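Here, each number is a calculation from the coordinates, and none is a lab measurement. Remember, it's a predicted structure, so these values are computed and weren't measured experimentally.
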Amino acid sequence: MQKIHLGHRDGLDDAIRKYGSYVSAVIRNQLGDCSREDVDELCMDVFLALWKNRNTPIQDLRAWLVRVARNKAMSFLRKKKLPTVPEEEALLVEDTTAGDLADARERDRILREVLLTLGQEDRNIFIRYYYYNQPTARIAEEMGLTLSAVKNRMSRGRKVLREKLIERGYQHED
């Protein structure tokens, strides 16, 4: 980020190398069935936005890139008048290599199924926190809950999700 902030092009190249496949996966996940060209174009739009905003302080680059990628994908879908992916199906994708993509998709499918076992309010909290990267204080405020209630629900929800994922053969990793 420091190189980008100073206007060094190699900083942008480093960011593309480090986060390019992740941003691309987020866009593909948001768009669903789409062409490689559309994904590549939106991915480059995300990094162009990073370059244009190089003087803006960015605390968490990865989270910032995810937000911009999702916003670009949603704008693309609105312009094309294509259906958007429901919140429950648009979970974050883990960093993966091409060889791990099938396994990541299977984990995402199982995670979506497990998330659907949570109550609507708990699922909403998880989606806001993990998908939209909203801070717990904002979630509490917008949902009319206390901060402690949101944190407790997230803690209980993580425990339920962990147990259900273990039942399906996925071990919890710290």
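Here are the numbers for the structure shown:
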| item | result |
| --- | --- |
| Ellipsoid equivalent to region 2-85 - semi-axes via the Cα gyration tensor, in Å | 24, 12, 10 |
| Too-long pairs where the Cα-Cα distance tops 32 Å, listed order kept, from Lys52/Lys159; Lys18/Lys79; Lys3/Lys72; Lys52/Lys79 | Lys52/Lys159 |
